[in-house]
Each structure stands twice: as structure tokens, then as C-alpha cells.
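Just below is one structure, and these are the notes that go with it.
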Amino acid sequence: MAKSILVTGCSTGIGYTCAHALHKAGYQVIASCRHFDDVKRLQNEGLTCIQLDLSDTNSIEHAVEKALEITGGRLDALFNNGAYGQPGALEDLPTQALREQFETNFFGWHHLVKQVLPIMRKQGNGRIIQNSSVLGFAAMPYRGAYNSSKFALEGWSDTLRLELADTNIKISLIEPGPIETQFRKNAQKAFEKWIGINSSVHHEYYKKRIKELGNETSSSTFALPPESCIRPLFHALEARKPKVRYRITTPTKAFALLKRVLSSRLLDKLLVRVS
């Protein structure tokens, strides 16, 4: 019997690429997207796709019910991937901007896992893979809202892993780093929604940064395609002892090492420089 997996944030990028790869490998994939036009597009591409808005608890609950109808009541795995980045200096961001960032990137994931865990407990096993970031353990300036949501996710996932230590439900974190996706395009929309460039003391930085957000490709020489996440995801799903963390890009691996060996003051200088 094919293993079933629910994947969030499948309209583009990592979620889209991994959903297709899982489907090709024989998994029963239930892809999900926030917008109905994306749902229809993925359905036309041959995927089973449902609507799921991580900022809406009713949408999450309905999506899980729909997924269980499709799978016959079983769910072997969840790949939590849907998220967006809210750029901007913390002093420029209204509190509501952070609330919206956390609603999608953190609280929605929490609510979704709460719906899924009873199913996995009942069947006696399961895999939950959380797509985090290098910014989940190494903060960078002007990314405070996103940093905070991913730092929270890392701590939340570590805690859940400990609480499930006596079960056969495994928790893994994927920490990609720079990946060539439409992440910047979505971040640009969030930036323009909340940040008044001309009234900010950071306006010179913003004027430079807004050009980068509009670029089709990343300015990082270490950026990898979303396909680079496929192999770690499969290992997290299929290994008898999956890793706790899968660090994918060179910056992620480098900063994980530097955080262990450098003082906080030296690491701060480096993070400011590379940002």
C-alpha cells in the first residue's frame, strides 16, 4: 500500500517540487495550496491537491478531513512547508505584521499538527517534517519577523520530538538556506504592505533591498534549486533513524558550525556583513 503524505505550500518552489517527486516515487500525495487557482493548476498536472490556508483554522481542519477521506483515514506523513517571509526592520513593523507572519508560519503549523497527531498515534507511527531555515538558528538583520517565526518553529519541533520520544512518530527539521524559489516575490508583497520606506531611518537600506526582492533569481552564489530538498525529505520519510536536522546549502552548514565556534559578538559582525 502506498504511503500517504500531506504537503503544504505546494503552489511553487520546494513544496511544488517535492510533491511531484513524491508522487513520481509512488507516494499517495495530498498536495495543498492556499489559492483555488493553484489547486486547480496542480490538479491539472495530475496531483491530488486540496485547498489549505494556514492562516485559517477552519481551512486547516477542513483540509485534514478531506485528506482523510482521500486516504481512507490514514496519514503516514506530513511535510509542513507553507510559509512566507516578512522583510523589514523590527522597529518599522507594526505588531499586526508579526501576528500575520506567525499565523501562517507558526500557529497554522501548530494547529495542523494537532489535527494530525491523533491519527498518527492511533495508527502507531508517522513522520512529521518541518521546513525551517538557516534563519531558524542564525538571525539576520531586517528579517526579524521571519527569524522569530522560524526560531519559534525550531524550539517547538525540538519540544515535540522530546514529547514523542516514546512513540514511533518521528520529527525532523529541514534547514534549506538560499533556494531559488518565488520566496522573494512573496516577500516583496509583504514588504510593500507594511513598510513605509521614505519615513524609515532604514530607507537607504530598503531602497537597495527592494531591487533584490524584485529579481527573478537569488543574489547568493550558494543558492540551490528546490530539487536539492528532495533527497533530504526522502531520507526523513524513509530512514529507520531519520536525522533531527537536515542542513542543505553551504551557508546553512557553515553558520551551524560558526555558531558553535565563534563568540556571539564575532558571529554578529559576520551576520551583519553577509546580510
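Key figures
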quantity: Rel. contact order, % - alpha carbon contacts under 8 angstrom, at least six apart, the chain; calculated: 19
quantity: The chain: radius of gyration over Cα atoms, expressed as a fraction of 2.2 N^0.38 Å; calculated: 1.00
quantity: Neighbour-count ranking [beta-carbon atoms within 10 angstrom, fewest first] of MET140, MET1, MET120; calculated: MET1, MET140, MET120
quantity: Contour excess over end-to-end distance, with Cα ends at MET140 and THR159 and 0.36 nm allotted per residue; calculated: 4.4 nm
quantity: In nm, spacing of pseudo-spin labels at ASN44 and GLU212 (7 Å Cα→C-beta vector); calculated: 3.5
quantity: Relative contact order (%) - criterion: Cα under 8 Å, at least six apart; region: the range 24-72; calculated: 31
quantity: Potential extension, LYS193-ARG99 segment - 0.36 nm per residue separation minus Cα distance; calculated: 32.5 nm
quantity: Degrees separating the helix 264-274 axis from the principal Cα axis of the chain, which is the longest one; calculated: 90
quantity: Reciprocal of mean inverse Cα separation for the range 143-231 (Kirkwood radius, Å); calculated: 15.9
quantity: Among PRO225, PRO178, PRO242: highest mean-square fluctuation, GNM of the chain, C-alpha pairs under 10 Å; calculated: PRO225
quantity: Length-normalised contact order of the range 174-258 in % [C-alpha pairs under 8 Å, at least 6 apart]; calculated: 51
quantity: FRET efficiency, 1/(1 + (r/R0)^6) with R0 25 Å, evaluated for LEU90 and GLU65 via beta carbons; calculated: 0.10
quantity: Bridge type composition, the chain - antiparallel percent by DSSP, nearest 5; calculated: 0
quantity: Counting all C-alpha pairs of the range 40-195, share separated by more than 27 Å (%); calculated: 28
quantity: Distant-in-sequence amide H partners of LYS170 (H built 1.01 Å from N, under 5 Å); calculated: GLY126, ARG127, ILE128
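Each value in this text was obtained by applying a stated rule to the coordinates, not by laboratory testing. Note that this is a predicted model, so its numbers are computed, not measured. Here Cβ is always computed from backbone atoms with ideal geometry, including for glycine, and neighbour counts include all displayed protein chains.
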